[in-house]
Amino acid sequence: SVMPEVHELVLGPISCHCWNGDRTKFAMSPNNNEVHIYSKKGTKWAVEHVLKEHGQRVTGMDWAPNCDRLVTSGADRNAYVWSYNGKEWKPSLVILRINRAATMVKWSPQENKFAVGSGARLISICYFEEENDWWVSKHIKKPLRSTVLSLDWHPDNILLGVGSCDFKARVFSTYVKEIEEKPASTCWGKKMTFGNCMAEFSNSGGGWVHDVSFSPSGNKLAWVGHDASISVVDQAAEGESTVATVKHSFLPYLSCQFLTENSLIAGGYDCYPALWSHDDQGKLTY
């Protein structure tokens, strides 16, 4: 087994981080308005660049593995797309049009758009507009009723899984006709117009949905709630798609991620990751 490396980077908390495509660099924010880019020097990680465009705390970041662009979001209601020119990181403006803090940001699989969640009860789907040389956004609002806490892209680059403080996990279409061809239908539905809510699920309790995750095929969606629940739905299952929910005895999970089509890992306030399995009969077990 591989022993984990421990590196003391800063004295305070790290609010968010992400890796580049080949894992030779990573970005993180030390719970303020700065983004620190690290690269490995010998056996130690050292700060290579400090990005200071945000006016308030950085809340999310994502590094596109292929185009090598870094996108960051902040409590200042802004997002920036950063490009490296060989010497320094240059920010590009994103027109988010939100009146509350951004909560997180995620690149789409094809890296031609990204999603920004916010406390404004909406999601901004952002794409590049060549003629003005900036990133513009379209809003998904209904039926969101509270702060967006989590996002995960479907492998098809169109569907987006969303978890929010209104105790619901949802799947939306993000088809942007300006930059994409008309998408084919999936097991989640045929009507792919922008902002269409393809599915809506509850964990049958009253817990904020801290994280959502699509399986590798995109046919399953998992989510974890603050009511100490974990749920999985298989949309491609024959007959009615049923939600498998387990109210576990651990402290609430904050994140979840599918590893394979039948296994997922979750972690949260217990400070260790837990492996769950979801079999072909729809049974969810720890």
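The set of residues from the stretch 211-257 being touching a residue at least 60 places away in the same chain (Cβ under 8 Å) and acidic (Asp, Glu) comprises just one member, 211. Of all residues in the stretch 26-50, those satisfying the criterion of being touching a Ser or Thr at 6+ places or on another chain (Cβ under 9 Å) and under 18 Å from residue 13 (Cα atoms) are 26, 27, 28, 29, 30, 31, 32, 35, 36, 45, 46, 47. Determine if the stretch 237-246 includes at least one residue that is open to solvent by less than 40 Å² (accessible area, probe 1.4 Å) and charged (D, E, K, R). Scanning the stretch 237-246 turns up no residue that is open to solvent by less than 40 Å² (accessible area, probe 1.4 Å) and charged (D, E, K, R).
Regarding residue 108, is this residue crowded, with 21+ Cβ neighbours inside 10 Å, in contact with a strand residue (DSSP E or B) (Cβ under 8 Å, 6 or more places away or on another chain) and in contact (Cβ under 8 Å) with a residue 60 or more places away in the chain?
On the way: crowded, with 21+ Cβ neighbours inside 10 Å: yes; in contact with a strand residue (DSSP E or B) (Cβ under 8 Å, 6 or more places away or on another chain): yes; in contact (Cβ under 8 Å) with a residue 60 or more places away in the chain: yes.
Against the criterion (crowded, with 21+ Cβ neighbours inside 10 Å, in contact with a strand residue (DSSP E or B) (Cβ under 8 Å, 6 or more places away or on another chain) and in contact (Cβ under 8 Å) with a residue 60 or more places away in the chain), residue 108 qualifies.
The one condition from (1) open to solvent by less than 20 Å² (accessible area, probe 1.4 Å); (2) free of Cβ contacts under 8 Å to residues at least 40 places away in the same chain that residue 135 does not meet is (2). With respect to being modelled with pLDDT of 95 or more and either over 15 Å from the mean Cα position of the chain (by Cα) or open to solvent by 30 Å² or more (accessible area, probe 1.4 Å) (or both), residue 75 fits the description. The residue of the stretch 178-195 that is least open to solvent (accessible area, probe 1.4 Å), among those that are in contact (Cβ under 8 Å) with a residue 12 or more places away in the chain and of a type in the set (S, T, N, Q), is 186.
Conditions (1) touching a strand residue (DSSP E or B) at 6+ places or on another chain (Cβ under 7 Å); (2) among the β-branched types (Val, Ile, Thr), marked per residue:
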position: 185; (1), (2): no, no
position: 193; (1), (2): yes, yes
position: 196; (1), (2): yes, no
position: 217; (1), (2): no, no
position: 230; (1), (2): yes, yes
position: 244; (1), (2): yes, no
position: 263; (1), (2): yes, no
position: 268; (1), (2): yes, no
position: 276; (1), (2): yes, no
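Among the listed residues 51, 93, 70, 11, identify the single one that is under 23 Å from the mean Cα position of the chain (by Cα) and at pLDDT below 95. Show your work before the answer.
Working: 51 fails: at pLDDT below 95; 70 fails: at pLDDT below 95; 11 fails: under 23 Å from the mean Cα position of the chain (by Cα).
Residue meeting the stated conditions: 93.
Listed by position, the strands (runs of 3 or more DSSP E) enclosed by the stretch 1-107 that each have at least 2 residues that are in contact with a Gly (Cβ under 9 Å, 6 or more places away or on another chain) and either charged (D, E, K, R) or within 20 Å of residue 127 (Cα to Cα) (or both) are 58-63, 70-74, 79-84, 102-107.
Criterion applied to 1, 39 was being polar (S, T, N, Q), more than 24 Å from residue 254 (Cα to Cα) and open to solvent by 40 Å² or more (accessible area, probe 1.4 Å), and the one residue passing it is 1.
Take the residues of the stretch 119-130 that are of a type in the set (Gly, Ala, Ser) and not in a strand (DSSP E or B): which is farthest from residue 253 (Cα to Cα)? Only one residue fits best here, namely 120.
The values are calculated or read from the model by the stated rules, or taken from the named source; none is laboratory data. In this text the structure is predicted, and so the values were computed from the model without any measurement. For neighbour counting, all protein chains shown are included, and Cβ atoms are generated from backbone atoms with ideal geometry for every residue, glycine included. Just so you know, the surface numbers come from the protein's heavy atoms only, side chains and all, with ligands and any DNA or RNA stripped out. Shrake-Rupley method; radii C 1.70, N 1.55, O 1.52, S 1.80 Å.
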